[in-house]
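Participant: Here it is, the structure in full.
The values are calculated or read from the model by the stated rules, or taken from the named source; none is laboratory data. From a predicted model like this one, the values you see are computed outputs, not experimental measurements. Cβ placement follows ideal geometry from the backbone for every residue including glycine, while neighbour counts extend to all protein chains displayed. With ligands, DNA and RNA removed, areas are computed over all heavy atoms of the protein, side chains included. Shrake-Rupley method; radii C 1.70, N 1.55, O 1.52, S 1.80 Å.
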Amino acid sequence: MAAVQILATQLDSAVNVAQRAGELFGVLSFATSGALLAVRKNLDIFGMAVLACATALGGGVIRDLLIGRTPPAAFTDLTFLCVSLAATLIVFLRHPPARLVRGPLEVFDAIGLGLFCVTGTVVAYHWGTGAATAALLGMVTGIGGGVIRDLLAGLTPSVLRPDQELYAVPALIGSAVTAVLLHYGLYQAWTGALAAASAIVLRLLARRFGWRAPQALRHIKN
Amino acid sequence: MAAVQILATQLDSAVNVAQRAGELFGVLSFATSGALLAVRKNLDIFGMAVLACATALGGGVIRDLLIGRTPPAAFTDLTFLCVSLAATLIVFLRHPPARLVRGPLEVFDAIGLGLFCVTGTVVAYHWGTGAATAALLGMVTGIGGGVIRDLLAGLTPSVLRPDQELYAVPALIGSAVTAVLLHYGLYQAWTGALAAASAIVLRLLARRFGWRAPQALRHIKN
Amino acid sequence: MAAVQILATQLDSAVNVAQRAGELFGVLSFATSGALLAVRKNLDIFGMAVLACATALGGGVIRDLLIGRTPPAAFTDLTFLCVSLAATLIVFLRHPPARLVRGPLEVFDAIGLGLFCVTGTVVAYHWGTGAATAALLGMVTGIGGGVIRDLLAGLTPSVLRPDQELYAVPALIGSAVTAVLLHYGLYQAWTGALAAASAIVLRLLARRFGWRAPQALRHIKN
């Protein structure tokens, strides 16, 4: 019995460590994508920091507002802010030329998307929302940061670009799988990591092979 | 006495049914306007769904955040989401050619605007805000979804387009009338419907006849 | 002893009066900047009012949402709304020609920025956040209104314009200084005013002399 409890505690702690790592790595990825976009837009180092922080912290802030956790974690746990600023500094010091920025930007965006879908769903679920609500909130967390980044930089958000490959679908799959895992008590560090990885890989494959969903316009011509 | 109570209950229930119907029909209208704009922007079916949901649920989410109702109804009552997705599917399957989309888009936008002003004011008022606060929140609910839709799609929001007919005024009238009705205990299903109808008709008449308010620029030339 | 208490109360009341004055003057400045931008964009008087209110009230609404004060003060204390509408009316009646609007717009924006950084930090701190969180929230309050104004009007926000002089730095200094003052119990009407003034002057000097921060792009060429 005690052994089971210790095991359960260890598993819990593994889940917590994975959750924390996922959040920090998600923040790092999104901050890098924001800083890279800032490079493309010729922003100075402070503009880079603002765009990196808005991207990295925006999705989580929206999630926290939606579940009523105020002030949002991004404002109370300054680790997230420091990670974002560190990413900004690294990109400021070493980055590809502006015209080659797009590829790495979208890779980091995909990593952030996958990690935030999963960690966002977990945060919302543990806050007491139902599984379906948690999945929706996780999807919003994943997509939100990138939408804020693109709106602030004057771009159409990826999720709404006509020439853009599947974006909402990987996010939806990542958070839906996580919600199902949580609902059936199967969520562990490795299953969560798998859910995040599947979202990331799906998004990157969609980019690589140009997978797109049908457009209404094509339909018309029938 | 008992008869009065039964009557009061029946009236209450009529108000509730009307409120629910107003919210669902408002969601349907705004989702349709978002999906139609997505058609004009050549988005794929998932982009259409994202824009339709953001438009239909955005105003209510802002209202719920502002009154502190978390998580917002749109994330807990999945009817709203399902109605938005149904509207997306219908528009995907049957819609006018992209160049003719604007007319129907603005009609659905006007219907959503009128309904959301009224239902938004009612929700805020019953949440315990004063009448004036409720009217402001109702106006924000009505305008909010369309602003989100237009920003996401890279357009200037209707409420801020220089070539645009009266937009904020119908919204203000719809929510102010509703707040007055609520304040004096005259809000019923039919008076609420009338308030919504007056906002919708005013907006459509303004479009039809090109009613505009004075611009500061013209003033200068005096 | 009693004299000390009376003095403390008088100081408190001076701080409260200064806080109130700072908020109202900040609202007035930001509303004026929004109305001036609306003039440049040829909006009618209602569009002007919407843009002025969104600019003047937006930062405070974001701050209140982030600290969980719902409904936000802008919706319950209608003084802020009335001040914004008064500013709109004044600009509508008397304003420079559209092509000369930019200068005054940025001066009013700087004043609003400085005042809101300080008052926002104070509101958040008294709401019970730590000093660092309060400084971040104050910075968001100061920058937020202008970001909303620029996004609604279809502009890139000042804080992210590549040709733009220091913007985030004055905001950061204003709110950081205020947080330090609050933390060490040195916040009074005049020290707060000084913090706001330093942010405003720094921003205006940066504009006047074209102070900019290093861009990543220049770095590359090394």
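Participant: Could you sort C:212, A:94 by accessible area so the largest value comes first, with the probe set to 1.4 Å?
Facilitator: Of C:212, A:94, the descending order of accessible area is A:94, C:212.
Participant: Could you work out which residue, out of B:56, B:195, B:73, moves most in a Gaussian network model of chain B, that is, has the largest mean-square fluctuation with Cα springs under 10 Å?
Facilitator: Of B:56, B:195, B:73, the Gaussian network model singles out B:73 as fluctuating most.
Participant: For peptide A:144-154, compute the average count of partner chain beta-carbon atoms within 10 Å of each residue's beta-carbon.
Facilitator: Counting other chains' Cβ atoms within 10 Å and averaging over A:144-154 gives 3.
Participant: Taking the label point as lying 7 angstrom from Cα along the Cα-to-Cβ axis, what are the distances from residue A:185 to the corresponding position in the remaining copies, in ascending order and in nanometres?
Facilitator: When each copy's label point is compared with this one, the spacings are 5.4, 5.4 nm.
Participant: Which whole number gives the average, over all residues in C:47-59, of C-beta atoms from other chains lying within 10 Å of the residue C-beta?
Facilitator: 3
Participant: Sorted from shortest, what are the nm distances separating the label point of residue A:42 from equivalent points in the other copies, each placed 7 Å from Cα along Cα to C-beta?
Facilitator: Spacings between copies for this position, smallest first, are 2.7, 2.7 nm.
Participant: How big is the C-alpha Rg of the protein assembly as shown next to the rule-of-thumb value 2.2 N^0.38 Å, as a ratio?
Facilitator: Compactness ratio reported: 0.96.
Participant: Per residue of chain A, what 222 nm ellipticity follows from adding -39500 (n - 2.57) for every DSSP H run with n ≥ 4, rounded to the nearest 500? Before the final figure, lay out the partial values.
Facilitator: Values: 9 runs with 170 residues, N = 222.
-26000 deg cm²/dmol, from helical runs alone.
Participant: Charges only on Cβ, +1 for Lys and Arg, -1 for Asp and Glu: so what's the dipole of the protein assembly as shown about the Cα centre, in debye to the nearest 20?
Facilitator: Computed about the Cα centre, the dipole is about 2100 debye.
Participant: Which of B:149, B:40, B:203 moves most in a GNM of chain B, Cα contacts under 10 Å?
Facilitator: B:40
Participant: Using a label point 7 Å beyond Cα on the Cα-Cβ vector, give me the inter-copy distances for residue A:94 in nanometres, one decimal, shortest first.
Facilitator: Here residue A:94 shows inter-copy label distances of 6.0, 6.0 nm.
Participant: Per q in 0.09, 0.13, 0.14 1/Å, what log10 I(q)/I(0) does a Debye calculation on the alpha-carbon atoms of chain A return?
Facilitator: Computed log10 I(q)/I(0) values: -0.36, -0.72, -0.83.
Participant: Related question: Quick one: ranking B:44, C:77 by accessible area, 1.4 Å probe, largest first, what do you get?
Facilitator: Order by accessible area, largest first: C:77, B:44.
Participant: Something else: For chain B, modelled as a Gaussian network with Cα springs under 10 Å, which listed residue fluctuates most, B:207, B:69, B:99?
Facilitator: B:99
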